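Down below is the structure, laid out as structure tokens.
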Amino acid sequence: MSEWGTNIQQHVKDLRPVSLIVILVVAIGLGWWLKSLHLPTTFKIPGPWYLKFTNLCVIYVEALGHRREWIHQLHLKYGPVVQIAHNEVSFVSYTAAKQIYVSGSKDFEKTDFYDIFQQRGHINLFTARDPHVHAKIKKPLADRYSNSNILKSKVMDSIAERAQEFVKQCLATRSADVYLYLHAYALDCVTSMLFHPYNAHSLDRKHDRDMVHLFSYANVREGNYYFPALMSVYYAMVPGQQDKRTRGRDQLRRYMDETLAKSDHSDFTLVSRLKSLEDFPESLTRAECMDHMGAGVETTGDCLCFLLRELSQPRSGPIVMSLRRELQTATSQQDLANLSYLNAVVQEALRLWAPGTLTLPRHVPSGGRLIDGYMIPGNIIVGVPSYSLHRLDYAFSEPFKFIPERWLNDEGSVDRQRVFLPFGGGSRQCIGKFLAQAEMRSLLHAVYSRYRTIPAKDMDACMDLDDQVLVSRPKGTSCKLEFVPAEA
Ligand code: HEM
């Protein structure tokens, strides 16, 4: 035996049994960890090699609010399939979106990430992971949010009335903070669907407006999700911060108690339906309503805010003119749903500004699945970021530009529709999508049939996309515009 071999033998002999056990445990742990990485399979998936060993990078960029852009850059560099963590793969393709969200919507279950949206421990429509539980919750809710129910005149009238109130509030000043008013509008509209005639009046009643603060100004990313303990200390120590975080919470609780105690809600509302069901407990009704308020305020409010800001730029002059000409032909709220240019403006806004921050994460079913030519092991998290999907340049030329006309062009329309995913897909797609679009159309009608908007003189807020946990909102949480009569 060589001198080297004798030395090794001597070292092994010198080791105490305790050390041997430690080495054995570490070796087993290392082996188990390496096996869990599925390296022989995942090494074939494009992406930086070091991301195959950890999810720390993704946690880090998420905590800083850079996840959306970071993933987008990785896709630009590595193509439509990228491994972004040892347990997560991102796809940007129509085929993957279809497989994961549409045909596989019962197979590819939501991950435990969604648990943070449970309301006081209650599973609700949004958070249910088991497809059977989800289907059971959805059954009594679905027809309330159907397009035909939303387009009923009672629903549309209440939305139109709120849109007029929005304009009234904005006209009262030469510098209207539409970030605040649009979120107030979204809250009033979604609570109309839930509780009419006891919907919130946050546009015109100050105490209802406090609820908007809770939904649209609180720091969701660091405060509630990534560093809750650390941020609690910060909120407690820095004057004014606790108020920012909790302002409106008491008002929201009071509002829910008082509103749910009523018994004469309009027949089109969600609550009238849920109250008529014997086996739907009040605590679940409350949890569901809270969730729909949360889901319906930021999403619609943020998207409208980016849209109004875009329509206020001088470059949007021709778009606003075309929009106005068409809006002035409408004779009823129902007519709005059939206006092609208006719908194109809404679609284009949803393409650019509705996408969520996260990739709607799903688990690959056990046994693994072949997605876009790559074998993805079971239990790995997969998702399709709509931010990147909506910027695929083969489907959207000049993808970062706001061009409503693209939606009116027959050429390429199949490609565009296939990669358009603002509301998710399959059985888990957004239940509020018809409500959100009706709100957007009504608001655009109330504003641009009679007015144009320009940036207010004191508009200096940053309008970059700022990622929260699921949505991306304007970074400055403010957008000041001036409303000018269209003839002027
Ligand atoms: C522009 C506005 C909106 C956008 C972009 C949007 C987007 C989305 C997306 C992408 C999903 C799928 C989430 C996933 O699969 O993980 C979703 C689900 C959902 N949304 Fe919306 N949403 C909007 C407005 C609304 C409104 C107004 C409501 C009010 C009712 C609402 C209630 C919900 C609910 C309850 C779900 C869960 C559906 C299910 O799992 O069956 N959303 N939304």
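Quick notes on this one:
- THR453 falls short on exactly one of the conditions (1) within 16 Å of the ligand (Cβ to nearest atom); (2) among the polar types (S, T, N, Q); (3) surrounded by 21 or more Cβ atoms within 10 Å (Cβ to Cβ), and that condition is (1).
- Some residue of the stretch 201-215 being buried (at least 19 other Cβ atoms within 10 Å of the Cβ), part of a loop (DSSP other than H, G, I, E, B), at pLDDT 95 or above and in the same structural domain as VAL297 (by TED's automatic domain parsing): yes
- Of all residues in the stretch 375-387, those that are crowded, with 21+ Cβ neighbours inside 10 Å and away from the ligand (no atom under 16 Å from the Cβ) total 2.
- Check on LYS168, within 19 Å of LEU304 (Cα to Cα), among the basic types (Lys, Arg) and surrounded by fewer than 19 Cβ atoms within 10 Å (Cβ to Cβ): yes
- Matching residues in the stretch 450-476 - criterion: being assigned to a loop (DSSP other than H, G, I, E, B), more than 21 Å from PHE400 (Cβ to Cβ) and of a type in the set (Val, Ile, Thr): VAL469
- The listed residue being farther than 30 Å from LEU270 by Cβ and not in a helix (DSSP H, G or I), out of GLN73, GLN83, GLN99: GLN83
- Residue, farthest from GLY301 (Cα to Cα), within the stretch 157-185, restricted to residues that are of a type in the set (Lys, Arg) and in a helix (DSSP H, G or I): LYS168
- Residues of the stretch 304-336 classified as surrounded by fewer than 18 Cβ atoms within 10 Å (Cβ to Cβ) and either under 22 Å from ASP188 (Cβ atoms) or within 16 Å of the ligand (Cβ to nearest atom) (or both), total: 3
- Filter result for GLY301 (within 16 Å of the ligand (Cβ to nearest atom), at negative phi and assigned to a helix (DSSP H, G or I)): yes
- The test for being out of contact with any strand residue (DSSP E or B) (no Cβ under 7 Å at 6 or more places or on another chain), over 28 Å from ASN219 (Cα atoms) and among the hydrophobic types (A, V, I, L, M, F, W, C) holds for ALA344.
- Reported count of residues in the stretch 364-379, each being part of a loop (DSSP other than H, G, I, E, B) and either under 20 Å from GLY301 (Cβ atoms) or touching a Gly at 6+ places or on another chain (Cβ under 8 Å) (or both), is 7.
- VAL447 in a strand (DSSP E or B), in contact with a Phe, Trp or Tyr (Cβ under 9 Å, 6 or more places away or on another chain) and closer than 21 Å to THR173 by Cα: no
- Failed item, numbered, when HIS390 is tested on (1) within 16 Å of the chain's Cα centre (by Cα); (2) touching a residue at least 24 places away in the same chain (Cβ under 8 Å); (3) more than 16 Å from the ligand (Cβ to nearest atom): (3)
- Just one of the listed residues (LEU51, LEU56) is surrounded by 13 or more Cβ atoms within 10 Å (Cβ to Cβ), under 27 Å from the mean Cα position of the chain (by Cα) and under 29 Å from LEU370 (Cα atoms), and it is LEU51.
- In the stretch 98-107, of all residues being modelled with pLDDT under 90 and of a type in the set (Ser, Thr, Tyr), the one that is nearest to the ligand (Cβ to nearest atom) corresponds to SER105.
- Condition met for SER366 (surrounded by fewer than 22 Cβ atoms within 10 Å (Cβ to Cβ), within 30 Å of ILE100 (Cα to Cα) and modelled with pLDDT under 95): yes
- Residue count for the stretch 266-281, restricted to those that are assigned to a helix (DSSP H, G or I) and either more than 9 Å from the ligand (Cβ to nearest atom) or at positive phi (or both): 6
- Being surrounded by fewer than 23 Cβ atoms within 10 Å (Cβ to Cβ), of a type in the set (Asp, Glu) and in contact with a strand residue (DSSP E or B) (Cβ under 8 Å, 6 or more places away or on another chain) holds for only one residue in ASP372, ASP393, ASP410, ASP415, and it is ASP372.
- Residues in the stretch 130-152 that are modelled with pLDDT under 90 and touching a Ser or Thr at 6+ places or on another chain (Cβ under 8 Å): none.
- Any chance LEU284 is within 16 Å of the ligand (Cβ to nearest atom) and over 28 Å from MET463 (Cβ atoms): yes
- Among the residues making up the stretch 268-289, those that are without any contact (Cβ under 8 Å) to a residue 40 or more places away in the chain and either surrounded by 19 or more Cβ atoms within 10 Å (Cβ to Cβ) or within 21 Å of ILE159 (Cβ to Cβ) (or both) are SER272, THR285.
- Residues in the stretch 108-155 that are basic (Lys, Arg), farther than 26 Å from VAL469 by Cβ and more than 13 Å from the ligand (Cβ to nearest atom): LYS152, LYS154.
- Residue in the stretch 351-363 that is within 10 Å of the ligand (Cβ to nearest atom), part of a strand (DSSP E or B) and touching a helix residue (DSSP H, G or I) at 6+ places or on another chain (Cβ under 6 Å) present: yes
The values are calculated or read from the model by the stated rules, or taken from the named source; none is laboratory data. Predicted model, so just to flag it, every value in this text is computed and none were measured. Cβ coordinates were reconstructed from backbone atoms using ideal geometry, including for glycine residues, and neighbour counts include every protein chain displayed.
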